[in-house]
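Trainee: What follows is a single structure, and I will ask about it in a moment.
The values are calculated or read from the model by the stated rules, or taken from the named source; none is laboratory data. Predicted model, so just to flag it, every value in this text is computed and none were measured. Glycine gets a Cβ as well: all are built from the backbone with ideal geometry, and neighbour counts include every protein chain shown.
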Amino acid sequence: MTRALIALLSGTLFGAGLAYSGMSDPARVQAFLDLLGQWDPTLAFVMGGAMLPMAVAWVIRSRLSSPLAAPTFDLPGTTKLDRPLAIGAILFGMGWGIAGLCPGPALADLAIAPGDVAPFVVAMFVGMAAQRFVPFLSQKPKQAGPK
């Protein structure tokens, strides 16, 4: 119950931050990506502003033996840049640039303009399901064994 409450509060705070900063507005995100037109630097300030609390969180995490509401930290198992990660990042960036939305703002926009964002959210969940259930999309890279 505690973990669910923390997740709900964190998601609510994140969504409120997206709405307050204007990052749930696809036009603002697309204007940030329009370097040769009517460029809007707001997203750069939002990203920069997020770095300070994240740096503080990493310092605090390094001093904890476990999280406050979970038995262990859930950190990525690897830091390797491989083909699936690069392809996923490229597809994410292309979709973000075309639609002006990524998962967080899209879900936040369901409360603001559900009719406008619902097709994106449906497509997002279809893509997530495809990655999970279509074998060639969810293949893990083979680990190199000893020779």
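Trainee: When the residues of the stretch 17-29 are narrowed to those that are free of Cβ contacts under 8 Å to residues at least 24 places away in the same chain and not in a loop (DSSP other than H, G, I, E, B), which ends up surrounded by the most Cβ atoms within 10 Å (Cβ to Cβ)?
Mentor: My answer is Gly17.
Trainee: Next question. Evaluate the following for Met51: is it at pLDDT below 90 and either within 26 Å of Leu75 (Cα to Cα) or out of contact with any Ser or Thr (no Cβ under 6 Å at 6 or more places or on another chain) (or both)?
Mentor: Considered against the rule, which asks whether it is at pLDDT below 90 and either within 26 Å of Leu75 (Cα to Cα) or out of contact with any Ser or Thr (no Cβ under 6 Å at 6 or more places or on another chain) (or both), Met51 comes out as no.
Trainee: Can you pull out the residues in the stretch 100-124 that are in a helix (DSSP H, G or I), aliphatic (A, V, I, L, M) and modelled with pLDDT of 85 or more?
Mentor: Answer for the stretch 100-124, where residues must be in a helix (DSSP H, G or I), aliphatic (A, V, I, L, M) and modelled with pLDDT of 85 or more: Ala106, Leu107, Leu110, Val117, Ala118, Val121, Val122, Ala123, Met124.
Trainee: Looking at Leu75, Leu43, Leu64, which is the one that is modelled with pLDDT of 85 or more, closer than 29 Å to Asp109 by Cα and either loosely packed, with under 15 Cβ neighbours inside 10 Å or under 16 Å from the mean Cα position of the chain (by Cα) (or both)?
Mentor: After applying the criteria, what remains is Leu43.
Trainee: Filter the stretch 125-143 for residues that are among the small types (Gly, Ala, Ser) and either loosely packed, with under 10 Cβ neighbours inside 10 Å or at pLDDT 80 or above (or both) and give the result.
Mentor: Result: Gly127, Ala129, Ala130.
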